[in-house]
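Accompanying notes for the structure given below.
The values are calculated or read from the model by the stated rules, or taken from the named source; none is laboratory data. Given the structure is predicted, the values throughout are model-derived calculations rather than measurements. Every residue, glycine among them, receives a Cβ derived from its backbone with ideal geometry; neighbour counts consider all protein chains shown. Calculation scope for accessible area: heavy atoms of the full protein, side chains included, ligands and nucleic acids excluded. Shrake-Rupley method; radii C 1.70, N 1.55, O 1.52, S 1.80 Å.
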Amino acid sequence: MYTVPKLKSYTATALDKASDSLLAALEKESSAVRNEEDWKAFRDRWMARKNGVLTQINDLWLKQAPKDAKRDVGQRVNQLKATVTATVEKPRSGAVATAKRAGDSVTARASVAAPSLDSLDITLPGIRRPLGAEHPVIKTAHEIVSVFRNLGYSVQEGPVIETDYYNFEALNFPPNHPARDTQDTLFIARQESKPQRERLLLRTHTSPVQIRTMEKMKPPIRIVIPGKVHRNDPPDASHSPMFHQIEGLAVDTNITFCDLKGTLDHAMKELFGSSVKTSFRPSFFPFTEPSAEMLVSCFICGGSGKRGSEPCRPCKQTGWIEILGCGMVDPNVYGFVGYDPKKVSGFAFGMGADRIAILKYGVDDIQLFFNGDVRFLEQFG
Ligand SMILES: [Zn+2]
């Protein structure tokens, strides 16, 4: 163990020699530090005010030095102090030096504190864990779901990886329907040897859950299906290869198009305010007949198509916004699930949660929802 010698001579050579052996001892003891306890002992031995090595060189070297050598010795002692302090405080791997740097940033403390649980200093401030908040798309999806829950609908979910059968065939897509094209649908690779109906794909809509539910349950059915879907769309301001849909299905006896209109009109007033008007125009989907697109009067410009003197962009100045697709369930679909189309009827509808969140919050790029930039997401917290 190194002890501070008394100096017999104060020549430059003698001071060099004394400094060198002190620094060699410092290096050796520093490299022997293995854990926090070692480090504390090391720190105290060199830096303790009472009898630490630094105090000793001050007492034994500087104070004892003859007047004409004091300036030189003083400079050397200062240099040695700086070196010793830097060596004691240098960042060390593992548990060492936790106590010294306790006041530093959260990340530094988190990374050094973990391995030293056996010597945890419970007086250290805790690690701050920021509170999270609902993602705007999930929040919007929950709001839509709750409107239908209040109407007595229950929530159903299903797999994101689906078979061709549930995603297309049982929903009345004919064998060569273009939606199956790889331009539109993301298929799981290397399944060419399987029959088409068994091939796996990322579901392109939440509609397969309608089939899965009707296979399990008899009417009356009233369900909403929130979930993630995928399409082979390159990402841009209004497209994402992954997005969120919410579908609904009601099947019972004597369900008519009036029920569809009344239900959706009520839902839109709940979502966008009681002054919102709805309008339907004919459309086509393989699994509904007749099919319609529903529009709501623009809740941003109040249907005028203008915001002050500026044109209203979300409704493209028409005063109407396309919000969902819907229709009466095609009788062919009942054939796939063992329902009798002469006895039951029903309607289905589907909308994009991301699109509605975009309209609601005035966001101009769907990518912002999925980039994971906390600065953007915090605005909705
Ligand atoms: Zn508008």
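Values as computed for the structure displayed
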{"quantity": "Cβ-Cβ under 7 Å pairs, at least 6 apart or on other chains, region 311-323 side under 12 Å from LEU359 (Cβ atoms), far side within 6 Å of the ligand (Cβ to nearest atom) and open to solvent by 90 Å² or more (accessible area, probe 1.4 Å)", "calculated": "none"}
{"quantity": "Scope region 274-311; condition within 16 Å of the ligand (Cβ to nearest atom) and open to solvent by 100 Å² or more (accessible area, probe 1.4 Å); matching residues", "calculated": "LYS277, LYS306, ARG307, SER309, GLU310"}
{"quantity": "GLU322, sole failed condition from (1) in a strand (DSSP E or B); (2) away from the ligand (no atom under 16 Å from the Cβ); (3) charged (D, E, K, R)", "calculated": "(2)"}
{"quantity": "Members of region 364-378 that are touching a residue at least 60 places away in the same chain (Cβ under 8 Å) and under 20 Å from LYS228 (Cα atoms)", "calculated": "ASP365, ILE366, GLN367, PHE369, PHE370, LEU377"}
{"quantity": "One residue from ARG149, ARG190, ARG199 being in contact with a Phe, Trp or Tyr (Cβ under 9 Å, 6 or more places away or on another chain) and either among the small types (Gly, Ala, Ser) or open to solvent by 60 Å² or more (accessible area, probe 1.4 Å) (or both)", "calculated": "ARG199"}
{"quantity": "Which listed residue, of VAL209, VAL224, is outside any loop (DSSP other than H, G, I, E, B), under 34 Å from the mean Cα position of the chain (by Cα), within 23 Å of GLN156 (Cα to Cα) and without any contact (Cβ under 8 Å) to a residue 60 or more places away in the chain", "calculated": "VAL209"}
